[in-house]
Every structure is written in C-alpha cells, then in structure tokens.
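Right, one structure below, let's go through it.
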Amino acid sequence: MDDTRSPAAAEIERRMERLNLNKKRLADLAGLNETYVHDILRGKSRNPGGDRLEKVAAVLGCTASDLLRSGGNGGASAAASRLKALRERAGYTVRALARDVGMGEKFSSYAFYENKLKKDFIPVELVRKLVPLLTDRGDPPIAASEVWALCGIVPGATDLNESISRAERASMPLHNEDGAVTVHEYDISPQAGAGAIVDHTAAGDAESHPTLDSWRIPRDFIRNYLPDTGGLAIIRVAGNSMEPEFVAGDRVLVDTGHRIPSPDGVYVLWNGMGVVIKQLMLVPNSRPPRIRIISVNPTYPVDEVDASDLVINGRVVGKWVWK
C-alpha cells in the first residue's frame, strides 16, 4: 500500500475490519459519497479533515483526532499515542515514569504501552497510578479527566467509582485459571455508546458500549455448545420486535466471532441507528447474495438487503431462561 497515504488511512482500515464494514457501507452510514472514503484509502486524499472525517470517525466509534494520530506511532493504538503525548507534556522520561508507577528499572514494560499497545484503552490499573503523577503537570496543566480518558473513563458522565468499575470489568482476563470464562454484559441502549460494534474492547464510558457486568461461566459447560469460548458477549433484548421468542430484558449470549449470516438464525446487527437482534435468512439463488431481516413479531415488516450492506456483530447462541 502507498506509504504516502494520510495517517488516518491505516486506522480507518483497521476499524473497518473490526466492524466488518466495506467502503460503501462506511460511506452510507456516514452520509457521504463512497469516493471520499476511497480517496483516503488509496492515498488520493492525503490531508482529510473537517466535518466529513468527523462523520467517518463517528461511525467507526472514535474521533477524527484519533484517526489522524494513530498512523504516527508504529501501528500502536490511539490510546498509546495519547499516553506518550501526556508523558512528554508532563516532562517525564520513560525511565522516570516507569519507576514512579512501580515498575522499577523495567522501563521496557512501561514502554510497551506507548509503542506497541494495540488495544483501544490503557489498563485501568495503570491509569490509577498515572492520575496523581500526571495531573497538574505540563503546559497547559494536564487535567485528571485527560488521564482517566486513557482507560475510557469520562469523569462527570456517570459516578466516577462506577466508571472505574466498568473499566475494570472490561479489562478482566477472559479465561481464568480456575477454568471459568469471563463474559462481559454490554449496554447497547442508544444513549450508552455510539459504536456499531459490541466486543471486549469496550471500557468505561468512552467510545464503545460500556460493560454493565461480567459473568463467570464454566468453560467446559460452554464447550458443550461452542468449540471456541473466545469473543462471547451478553446483551439484553430491547423492544418487542422479537416477541414472543425474545422478550425485552432477556439476556442473550452472542458469539461475536460469527459475523457471516450463515446458517440462517438470530443475529445481532447494526441497523444504522443502534444495535438490534433480528432473524436473518439468505434469499435462495440471489446474486449478489441478499438477506431477509425478519422480526418474530408479525406486526413488524420484513426487510431485505444486500449481504454486503449488513454490519453483523455476531450470532445469538443462547438465552437465559428462568423457570
């Protein structure tokens, strides 16, 4: 790929892949012409910005600044770039900050978070230590909210302790030594997150859907039904479009690694305005492939779209039933 492209191009591609979006679908969701996205990715537009880039960023669950910063740090995440900028602004060297956060002379362990971290957020345990060290240093003085934002916490958005708890849940190991699998439950209500994706990178109250809780389930139990226990998520059903099969408030288990609408079944998808649960069915002999989007509740109409236009979060593989 042309190395003279905008720094935003690689980050847009990374987030498109994560959301299972093609250029056309990204442009449609952003309300833009597909040519705009194409030109950025092919290097024809080397200095994108303004309102149009903000619209692209909103669909991808970030800001335009995040897209533009990400390309300049060896492939590390936007959070890694922000951490490095705050450290430099505070006047710290890598070695000095590593010592002050309790890593001793293992400064390379700290440097990983600035240079190689691929995740969208810094672990909350590290950010807790950084807040008192970086706050009020630099010019202009660093605000505590800037440091908390590294792990997806937005002070003032909700109770700070609850925000910290959410971030801690999101950063918990998914597989535990006792043989249990940690599965996060996400808030998919429209006011909870602007992103089209539901996955384990969400943290705090930031760009992705926040974690409401975390559930520990015996791995052997899940393997009776699913060969791969990674990428699982729990969400609650909203609305009545899938009644009586799925009632508002029901918790469902979603395999976020299953993003191809085959076989026919119930999937979690992004409809351009929010995350919804629908039954998907391949239209026989359709070329290109088309998918019927079906609500179990017969009062809702059946929709039909090209398969390439679907943004699928995963397949519903289980439901909590209380007797």
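The values are calculated or read from the model by the stated rules, or taken from the named source; none is laboratory data. In this text, all values refer to a predicted model and were calculated from it rather than measured experimentally. Cβ placement follows ideal geometry from the backbone for every residue including glycine, while neighbour counts extend to all protein chains displayed.
Annotations
- In the set 317, 283, 311, only one residue is closer than 19 Å to residue 250 by Cα and of a type in the set (A, V, I, L, M, F, W, C); that residue is 317.
- Note on segment 1-57: enclosed helices (runs of 4 or more DSSP H) holding 3 or more residues that are farther than 21 Å from residue 259 by Cα and more than 21 Å from the chain's Cα centre (by Cα) are 34-42.
- Of the residues making up segment 233-243, those that are aliphatic (A, V, I, L, M) and either part of a loop (DSSP other than H, G, I, E, B) or in contact (Cβ under 8 Å) with a residue 60 or more places away in the chain (or both) number 4.
- The residue that is nearest to residue 97 (Cα to Cα), counting only those in segment 115-146 that are without any contact (Cβ under 8 Å) to a residue 12 or more places away in the chain and more than 27 Å from the chain's Cα centre (by Cα), is 132.
- Looking across segment 103-116, the residues that are surrounded by 15 or more Cβ atoms within 10 Å (Cβ to Cβ) and either more than 30 Å from residue 18 (Cα to Cα) or in contact with a Leu (Cβ under 8 Å, 6 or more places away or on another chain) (or both) come down to 103, 107, 110, 113, 114.
- In a residue-by-residue description of segment 118-125, the property of being out of contact with any strand residue (DSSP E or B) (no Cβ under 8 Å at 6 or more places or on another chain) and at pLDDT 90 or above applies to no position.
- Residue count for segment 244-256, restricted to those that are crowded, with 17+ Cβ neighbours inside 10 Å and not in a strand (DSSP E or B): 3
- Residue 178 being assigned by TED's automatic domain parsing to the domain that holds residue 227, at pLDDT below 75, within 26 Å of residue 215 (Cβ to Cβ) and surrounded by fewer than 17 Cβ atoms within 10 Å (Cβ to Cβ): yes
- Assessment of segment 103-111 against the conditions (part of a helix (DSSP H, G or I) and in contact with an Asp or Glu (Cβ under 7 Å, 6 or more places away or on another chain)) yields no matching residue.
- For segment 63-103, taking the residues that are at pLDDT 85 or above and on the phi > 0 side of the Ramachandran plot, the one that is nearest to the chain's Cα centre (by Cα) is identified as 102.
- Hits in segment 92-106 (condition: farther than 13 Å from residue 134 by Cβ and among the charged types (D, E, K, R)): 95, 99, 105, 106
- Flag for residue 287 being of a type outside the set (A, V, I, L, M) and in contact with a His (Cβ under 8 Å, 6 or more places away or on another chain): no
- One residue stands out among those in segment 257-302 that are aliphatic (A, V, I, L, M) and not in a strand (DSSP E or B): the one that is modelled with the lowest pLDDT, which is 273.
- Checked against the criterion of being farther than 26 Å from residue 61 by Cα and not polar (S, T, N, Q), the candidates 146, 105, 114 yield just one match: 105.
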